[in-house]
Each structure stands twice: as structure tokens, then as C-alpha cells.
1. If packing is taken as the mean number of other Cβ atoms within 10 Å per residue, what is the order of 37-49, 347-359, 269-281, highest first?
2. Cut-off is 10 Å between beta-carbons; in what order do SER198, SER178, SER51 appear when sorted fewest neighbours first?
3. Taking Cα pairs under 8 Å and at least six residues apart, what relative contact order does the stretch 201-335 come out at, in percent?
4. Between THR189 and LYS269, what FRET efficiency comes out of the Förster formula 1/(1 + (r/R0)^6) with R0 = 22 Å and r the beta carbon distance, rounded to 0.05?
5. Post the alpha-carbon centroid distance, the stretch 92-152 to the stretch 434-448, in whole angstrom.
6. What FRET efficiency would be calculated for the residue pair ASP94, ARG141, taking the C-beta separation as r and a Förster radius of 22 Å, to the nearest 0.05?
7. Rounded to the nearest 20 debye, what is the charge dipole size of the stretch 325-414 about its Cα centre when +1 sits on each Lys and Arg Cβ and -1 on each Asp and Glu Cβ?
8. With a ≥ b ≥ c taken as the square roots of the eigenvalues of the C-alpha gyration tensor of the stretch 200-318, please select rounded if a/c is under 1.5 and otherwise prolate if a/b is larger than b/c or oblate if it is not?
Amino acid sequence: MTKLTLPYDSKMFDEDFIFGVATSSFQIEGARETRLDCIWDTFCAQENTISDRSNGDVACDHIAHWQQDIQLICDLGVDAYRFSISWPRVMHADGTLNETGLAFYIELIDALKAKGKKIFVTMYHWDLPQYLEDEGGWLNRDTAYAFAQYCDLVSQRIGDKVDAYTTLNEPFCAGYLSYEMGVHAPGLTGRKNGRQASHHLLLAHGLAMQVLRKNCPSADVGIVINVHPGYALTDSAEDIEATKMGTDYLFHWYIDPLLKQSYPSVMDKLSLEERPDILEGDMALIAQPLDFIGMNYYTRNVYKMGDDGWFEIVTPEPGNLTEMGWEIVPEAMTKMLIELDQQYDLPPMYITENGAAMPDVRQGNRIADQNRIDYFQSHFVAVEAAMEAGVNIKGYFAWSLMDNFEWALGYSKRFGLIYIDYETQERVWKDSAIAYKNMLASRALVTHE
Ligand code: IFM
């Protein structure tokens, strides 16, 4: 097994650079009977939505195994744990707190704190309560206010126990994949739906930022977005134009409102009916000052111009791909981080997700996932290169602590450092987990001047 290594003078070994692991509520928790339904429960129950016809009813049964899972986090030696709170677990449909649900997170947070871990809490990782979807979900502006109310009640209780709050995880997925492409819950389609849902998500972010700042003055507050660097298939003017359109529509649509108070110019290519309804003052509300921005990077997008004058994403050739069919391109990560740093007045950044689904095979108690170790290694080099170029990156979170429910692909794709046997709920260390642990332990040999 090759190691995960960083040179001793690596900026990622700076004293204040943090390493962590990440998960999300619906993907790991299970115990569906102890919370309200969310849009993913409904979506999973529909035909042809989840490739293995599974659901989140049990998942990694984290609600029952959380103490064991915290021990894994401690044994890995990471500095921080990033997880999400399940809105339908902590709120009743009448807008009051579900004390039992909240008690779970308070216990989890207190236990992590007692072990000296930093806590990164995501308030929305896609599990919208179904009762809100029944009223229109993210197409309904009121959902943004309901989100702020939920954040208010929860943060009044967990407050500064948390080191960093992120309002939303990947509004691109929660807006575009869910309300425009129909491949994520609630499975709606159409440009207007996608643009409107995305706008309301961003509005929800802005409203929640104000609430979280008020309730948690010592915590850092920010948002997590997907980074999708765009590359043109050919040098043709059409493909270059398609790349700009695609990158604007899928990526800048989510970062420009946060940092520039506006949507990108691809808006002009939409008909009036397709554009989102934006009320006066919305853009200023969305563009709240951020303590940090989290970037989730997995791969790049290659674009070509479609026959209809709209961009198309090109499916990568077989070869250098993860199990998701995603091309492994660490250098695109470096390039993108440096470009973003030049284009925007960025707050400090975290890499809040990076990792790979691989075709893991369990042989006894060993999962020899050298391919995942190689993925991490090449992306460490990419992060380091961006930092060397002056980009302010404060931490790196591996996705994911453990295998889990990979949304429309169910349990067929494994992203974990820790292998989950879904029959027995046994947790087994993969080679990549051992390599991550050893790399983290090697920090003890680094001397800081
Ligand atoms: O599993 C997801 C996660 O929920 C959000 N970011 C991407 C991961 C891999 O697809």
C-alpha cells in the first residue's frame, strides 16, 4: 500500500490548517421512524428514481452507531467533523422544535467537543421536510423564511458549541439537479423551476446568515458550493461559448450572487418566462459577508455547443475515471482555485468535500483501495499548489467518513474511508483510511518555527 504523504514544509501542515471528514444526515442516519418524512423519502418511494431501489430508512444506522462513529473519527486523528442536521428530525410541522431530535445533535456535538474536535455543521444537505414540499418546496418563497426560522431555533440552542456553520450544501444540486433536471428529489423539471428554486435557496442562505450571526457571534458562518471548472471540447468559438454558458449556468449562478450581488450574463439567454422572480432587495440579502466559503471539488466539466445553441456536457472517455464516471483531473482543481482567487474577492476557503467512489472489494477485513489513495494524494498536491500560489485555503475534508447513501445511485457507489457492510452495519477500515490516519499522525513530526 502506498502512503498518503505531504512534504514536511507543506502549507497543509501549517498549525492552523485543519483536516476533517464529512457526512450528511440523510446519507448516514437511518432511523426514519424517529423523524418526519423528507423529500428524499418520497422520491425513493417512486419508480425509477434510485438505481438500486434503495432508500434512507436505515442507511448506516448512524443514529444507533453514533458513538462508534465518533470513535472512528477520533481514531483517524482528524481535527474536524463536518455533518448536517436533519431538518425533519429537529422540527415539527407546526414550526416548533422537536426536542428529542435536537437532543441527538446536542449529545453528538458535546461528545465531539469532549474529544477536542472542531464541529462544522451544515444546516441543509437536501432533506427538506415533505410538509414544506407539499406547499411548493423551494419553489415557494416562504420556504426560505421557514429555513431561517429553523436555523434560528436550532442555533439558539447549539449556538457557539459549533465552530462553523454552513447554511446550505451545494445549492446547485438542491436547485438544479432537484427542480430542473429531475434527477434528485423532488424530481421536478424545467428551467423556470430550477432557476426559481435556486434563487429561493440563495435567499434562504442570506436570511439564515443573519440569524446565525446574531445567535452565534463566535462561530464562523458560510456556505458550501460545488466547484465545476469548465473546459471546451475543442478550440472552436462555439465550444468556447458553450463552456462560458455552461460554467455560468451551473457554477457562477451560485457564486456570483454571493460575492457580486448579481446573476451571470447567461440570464440574458433565458426567456422572460424562464427567469426567476427576484424581489427588490433580494440580491443584497443574499450577498451577506461570509466568514468562509466551502468548495466541493470532484471533477471538471467538458462542454460543447449543442444543436439548439445551448451547452452540452460531454461524457468523459473511459479510462481515468472514478466509479461515478467522473474524470480524475486534480490539476483542474488547482487552476480553478487560482482563477477564483483572481476573479472574486474571496473569503478564506475550505475544501469541504473531495474524494472518490471506487469499486471497493472486501477481502476478509481488508479493502485495498489504492485507487482512492492515489486520488487523495493527487488532490493534496493540487490543494498544496493552489496554496503555494497564494490561495487562502484553511482546511480539507475528505468525502466521506464512511460509505453511505449516494442519492440517486443508492448504495451502489462507495465514497467512504470506512467500508460499511450494510447487512451487518459493520465498519471496516479501508487502506485509504489507514493512509489518511498515518498522514495525519505524521504531522506530529513537523516542527513549526
Ligand atoms: O455524496 C455527495 C454529497 O452528498 C454532496 N457532494 C457530492 C457527494 C458525492 O456525490
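1. Final packing ranking: 347-359, 37-49, 269-281.
2. SER51, SER198, SER178
3. Value for the stretch 201-335: 33 percent.
4. 0.75
5. Taking the Cα centre of each part, the stretch 92-152 and the stretch 434-448 sit 35 Å apart.
6. 0.65
7. Taking the Cα centre of the stretch 325-414 as origin, the dipole is about 420 debye.
8. Here the stretch 200-318 falls in the oblate category.
Every number in this text was worked out from the coordinates using simple rules, so none of it is lab data. Since the structure is predicted, the reported quantities are computational estimates derived from the model, not experimental observations. Note: ideal-geometry Cβ built from the backbone for every residue, glycine included; neighbour counts use all protein chains shown.
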